[in-house]
Amino acid sequence: MAETDTPQPQDAPGEYWLYHEYMTRVYVADALTEERSALRLMLLDLNMKMAGEAADWATTLAQAPLSLMDMLLIDWSLLPSTSPTAALQELRKACPAALVIVLISHLDARQQAALSSGADAFISKGETPERVAERLRSVAASVHP
């Protein structure tokens, strides 16, 4: 399906965005409503489609595989603290084709842990919106080259 028949947000007066097959679909998992809202707006600005969202780990693991997303943005603090590595591996098995990007509040050893745990990339939540957008564009380019 190249476009939908349902009304979509307008990008210009009288014109509607067309949701194409190649549009990057992103699932957002973050406990904070305001963080998810900010990411939703950023994704719209980047012409990416929000595939779904969750505020906790259980919901993420249950819903993300059904969303058919290309990328998953997940806050590190949402991962079970007892075994974030096992949690990311479980997510990888459930969503094998998705790129996993871990959002980290503080840059420290967690950055390396996220990458070695199976994340494809990480983004610091302390970055400027422009830098976050740049990182998302970069990762999305590998989804639809």
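The values are calculated or read from the model by the stated rules, or taken from the named source; none is laboratory data. Owing to the predicted nature of the structure, the values given are computational and were not obtained by experimental measurement. Because the Cβ atoms are built from the backbone with ideal geometry, glycine has one as well, and the counts that use them run over all protein chains shown.
For the reader, a short list of remarks on this structure follows.
- Contacts under 9 angstrom Cβ, first residue in the stretch 86-107 being more than 15 Å from V132 (Cα to Cα) and without any contact (Cβ under 8 Å) to a residue 60 or more places away in the chain, partner part of a strand (DSSP E or B) and of a type in the set (F, W, Y), 6 or more apart: C95/Y27
- Selection count, the stretch 91-117, where residues are modelled with pLDDT under 90, in contact with a helix residue (DSSP H, G or I) (Cβ under 8 Å, 6 or more places away or on another chain) and either of a type in the set (D, E, K, R) or within 21 Å of A64 (Cα to Cα) (or both): 6
- Failed criterion for Y27 (all others in (1) touching an Asp or Glu at 6+ places or on another chain (Cβ under 9 Å); (2) closer than 15 Å to R135 by Cα hold): (2)
- Applying the criterion of being of a type in the set (A, V, I, L, M) and either touching a Lys or Arg at 6+ places or on another chain (Cβ under 7 Å) or not in a loop (DSSP other than H, G, I, E, B) (or both) to the residues of the stretch 118-132, the residue that is modelled with the lowest pLDDT is A121.
- Output for the stretch 23-48, where each listed residue is under 20 Å from F122 (Cβ atoms), small (G, A, S) and in a helix (DSSP H, G or I): A38
- Answer from L46, L68, L72 - the residue that is touching a residue at least 40 places away in the same chain (Cβ under 8 Å), within 15 Å of A97 (Cα to Cα) and touching a helix residue (DSSP H, G or I) at 6+ places or on another chain (Cβ under 7 Å): L72
- Near pairs, Cβ below 6 angstrom, 6+ apart or cross-chain, from the stretch 118-137 (farther than 16 Å from E35 by Cβ) to any residue that is of a type in the set (S, T, N, Q) and in a helix (DSSP H, G or I): G118/Q89
- Candidates D11, D56, D30, D75 - the one that is on the phi < 0 side of the Ramachandran plot and modelled with pLDDT under 90: D11
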